[in-house]
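Below is one structure, written out as structure tokens; comments come after it.
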Amino acid sequence: MDNLFKAIMVTVIAGVILLHLQYNFFETQHVQPQAPESPYQQTPTNFIFSYFADISMGDVNSVISKWKFPNEKRLRSMVTGDSNCNVNKAEELLDSSSDTATVFTEVTCERRWIGTIKLEMVGTEWKITKFNLREVL
């Protein structure tokens, strides 16, 4: 009798597990895959870190590409690859939206700089529109 009871319980438990698996299988079959609402976008703060990493590596073309209206001559003379830039702080300010952002930035590139950098979403990429850093003595 004891073995019969165990066999019945195993059968019932296996049946419950099977029903659960089937329910989950059929439930997921009816869910249509959802396309993301927007393509992957780099956050404004990550953009700032990336920008100064490009300066440190001397990647002048990448630095230029991050500006909406680049002054190529000035940027080419500034980006030499000799700078070791360290972003101490990058915080997105509250006036940001889905297509514009202001990032409070504190960075050390041989000297310490502090201020804001304004960004604009152009297509699916952030671009610098205003660079307002001042040297901290």
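The values are calculated or read from the model by the stated rules, or taken from the named source; none is laboratory data. Quick caveat, the model's predicted, so the values are computed rather than measured. We place every Cβ from the backbone using ideal geometry, glycine too, and count neighbours over all the protein chains shown.
Summary of values
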{"quantity": "Residue identified as modelled with pLDDT of 90 or more, farther than 18 Å from E135 by Cα and hydroxyl-bearing (S, T, Y) among T105, T28, T80, T100", "calculated": "T100"}
{"quantity": "Search result, residues across region 63-96 that are touching a residue at least 12 places away in the same chain (Cβ under 8 Å) and assigned to a helix (DSSP H, G or I)", "calculated": "V63, I64, L75, R76, M78"}
{"quantity": "Considering residues of region 97-129 that are in contact (Cβ under 8 Å) with a residue 60 or more places away in the chain and assigned to a strand (DSSP E or B) only, the residue farthest from F52 (Cα to Cα)", "calculated": "M121"}
